[in-house]
């Protein structure tokens, strides 16, 4: 088995973008290719993640990207796993490099939905739920995560202020990220006073709808070493699933797919949660981040809210979470998000994270899921100089 | 590297189906699981192919399928590559088994579009072209393949009757396939007299819009042997790409992605085109089959039309093509088609093909592409008793 490395990374700004989906995707791809110092002709396969290309009238997007990069002979494909598409796609690209099928591939995530408007986006996103049980009965994601928040708050005596602290911390980080969608310092009071979306979740408990693209160049270690450039090694990868509908779960204060994926990834990497220096986790809603950091083993079950309040997850805390700003502030272009997290790891490890740099970090983890966690993926990375 | 085997296969009828997309997908999955004689709990990952789940309000479909099979912990994902989705997805499932990441996976393709009507289906399908250059300017697939047909006919002095012979042969085969969409014997005159869709292509030169699902169980050879059942071995796999827009190609009487994919697959299998006993190829339009069988090396360039007229591709010919009836008669549920071809190989090799059985066949090839061939995949199979 080959060691798998990230040699370059690139991203567009996340937010409301005017370019079409192909232009966005190409911008991130070119950025990653230049970052890796390779030629497009070094790319042997194109792995894309995207969910609603249909909203911009382009599915079968990979060959269009390859053709625009001047490498139309290169096979491409699109992988979809709702909001977890990026990391699920990354896992497949990882597996192909690890098995020796390719030496170097492009892993590109992209989404464009803001032009459809909030109502249409909410409708489209609801198709990512178990539509027969959830979306089709009016349960959109804010409602589903509100149920999860109520269950967690009841079981572990957490409150709305606990949720707000997650948003405040992520907005602080996102303010330092020039590519973040929502760059705005907020207070706990701002969150508590923002309009209710689905009680107990308020506007500032929810991530935005974003457009954007992120890309990384994956290669084997021999390829990476030949480049003479610093790179990041992928040392762990795990995938897991949860019952698609929230109603099918025994306990909704945890996400089973996260627990399964994390266990696999830690085992492959030969490390435990305590060895991780920082993590990018899936904070589509503030409650998700609280549950994530427990499911990933950073804190015991029911203890994360207190730790977050006490600063344990801030940039200088014992386990910094979402230094990029997370989905909450950096934004959530759903097909790109999982790759965007990995771009943050690359930037952190290659001295490009500016003021949001986590000092002395050498091991990082990314965690990304689809819908309410029906599909989840965890990856672990090591800095190599 | 592990040997990769197909232990079971299943399919719904192709056609205009009333069930929702999840019911269709589950029917084929259960069929494949029973055919393999395994329990759902033997499945370690779910690979799905689908293009327009959005048309039936369900994307992020894999976790819904896994949950309905009672294995919600199992990671799933969806792969899209337009009409080539099934084979492109199969390639990823194959790669994961071959590399040893899983022992046994479900590879399931599904599509449901007929309820949207012909106009909406045509519009949706046009998003699979390079929309900026093609679909967005009114070039739908019948028009694009009509251009390809004109180029081929001009270069190689073929005519509309040559195209018609492909349809007649595939309808003859499909008549023997109880799961085929269009089971109707037709004559060359019927084809020539059918309504013009995009000259020179007439209605009977075009495959139908179909709903349907097909599934196979993939496993390593150790798993297959333990079952004590006959199985089919996957001995070759290749992927290739072509310029996404037809206008970007030097010669449109060939599909570059097919040539690349076939070369890789033959090399991996250690065989040549002459060793193949029958093939399922991508006949979305009659002209496509003529080009395919040349690009795959069964006939020299420009010679296929004459050979097809002379019966070389009929069930008793020297290289039977599309014994299932092909996309033309069996139908074309775009996300399922590539897997449906593999189901035909399994049925042929396991004595379930009835009157359409190709006698003494031991090596088979499947060829499937997306759009006008922008993404293509070729797989080669060997019968094991």
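The values are calculated or read from the model by the stated rules, or taken from the named source; none is laboratory data. Remember, predicted model here, so these are calculated numbers, not experimental data. Every residue, glycine as well, gets a Cβ built from its backbone with ideal geometry; the counts of neighbours run over all protein chains shown.
Worth pointing out:
- When residue B:22 is tested against (1) crowded, with 24+ Cβ neighbours inside 10 Å; (2) part of a helix (DSSP H, G or I); (3) more than 19 Å from the chain's Cα centre (by Cα), just one condition goes unmet, and that condition is (1).
- Restricted to the range A:172-200, and to residues there that are in a strand (DSSP E or B) and either touching a strand residue (DSSP E or B) at 6+ places or on another chain (Cβ under 6 Å) or not assigned by TED's automatic domain parsing to the domain that holds residue A:328 (or both), the residue that is surrounded by the fewest Cβ atoms within 10 Å (Cβ to Cβ) is A:196.
- Which numbered condition residue B:259 misses (of (1) more than 11 Å from chain A (Cβ to nearest Cβ); (2) assigned to a helix (DSSP H, G or I)): (1)
- Residue list for the range A:1-16, filter: crowded, with 21+ Cβ neighbours inside 10 Å and either under 19 Å from residue A:335 (Cα atoms) or away from chain B (no Cβ under 14 Å) (or both): A:5, A:6, A:7, A:8, A:9, A:10, A:11, A:12, A:14
- Tally of residues being buried (at least 20 other Cβ atoms within 10 Å of the Cβ) and either within 14 Å of chain B (Cβ to nearest Cβ) or part of a helix (DSSP H, G or I) (or both) across the range A:29-44: 6
- Scope the range A:115-160; condition closer than 12 Å to residue A:198 by Cα, within 23 Å of the chain's Cα centre (by Cα) and part of a helix (DSSP H, G or I); matching residues: A:141, A:142, A:143, A:144, A:145, A:146, A:147, A:148, A:149
- Subset of the range A:52-67 [outside any loop (DSSP other than H, G, I, E, B) and either facing chain B (nearest Cβ under 8 Å) or more than 17 Å from residue A:19 (Cα to Cα) (or both)]: A:53, A:54, A:62, A:63, A:64, A:66, A:67
- Count of the range B:25-54 residues which are touching a residue at least 40 places away in the same chain (Cβ under 8 Å), under 23 Å from residue A:80 (Cα atoms) and over 21 Å from the mean Cα position of the chain (by Cα): 3
- Check on residue B:54, surrounded by fewer than 23 Cβ atoms within 10 Å (Cβ to Cβ), in contact with a helix residue (DSSP H, G or I) (Cβ under 6 Å, 6 or more places away or on another chain) and within 17 Å of residue A:127 (Cα to Cα): yes
- Checking B:47, B:127 one by one, the residue that is surrounded by 24 or more Cβ atoms within 10 Å (Cβ to Cβ) and either at the interface with chain A (Cβ under 7 Å from one of its Cβ atoms) or within 29 Å of residue B:18 (Cβ to Cβ) (or both) is B:47 and no other.
- Extreme residue, surrounded by the most Cβ atoms within 10 Å (Cβ to Cβ), among residues of the range B:90-109 that are touching a helix residue (DSSP H, G or I) at 6+ places or on another chain (Cβ under 8 Å) and either facing chain A (nearest Cβ under 8 Å) or closer than 16 Å to residue A:78 by Cβ (or both): B:109
- Restricted to the range B:68-89, and to residues there that are buried (at least 24 other Cβ atoms within 10 Å of the Cβ) and part of a helix (DSSP H, G or I), the residue that is nearest to the other protein chains (Cβ to nearest Cβ) is B:88.
- Scanning the range A:201-224 for residues that are farther than 15 Å from residue A:12 by Cβ and in a strand (DSSP E or B) returns A:201, A:202, A:206, A:217, A:218, A:219, A:220.
- Filter result for residue A:62 (free of Cβ contacts under 8 Å to residues at least 24 places away in the same chain and within 22 Å of residue B:91 (Cβ to Cβ)): yes
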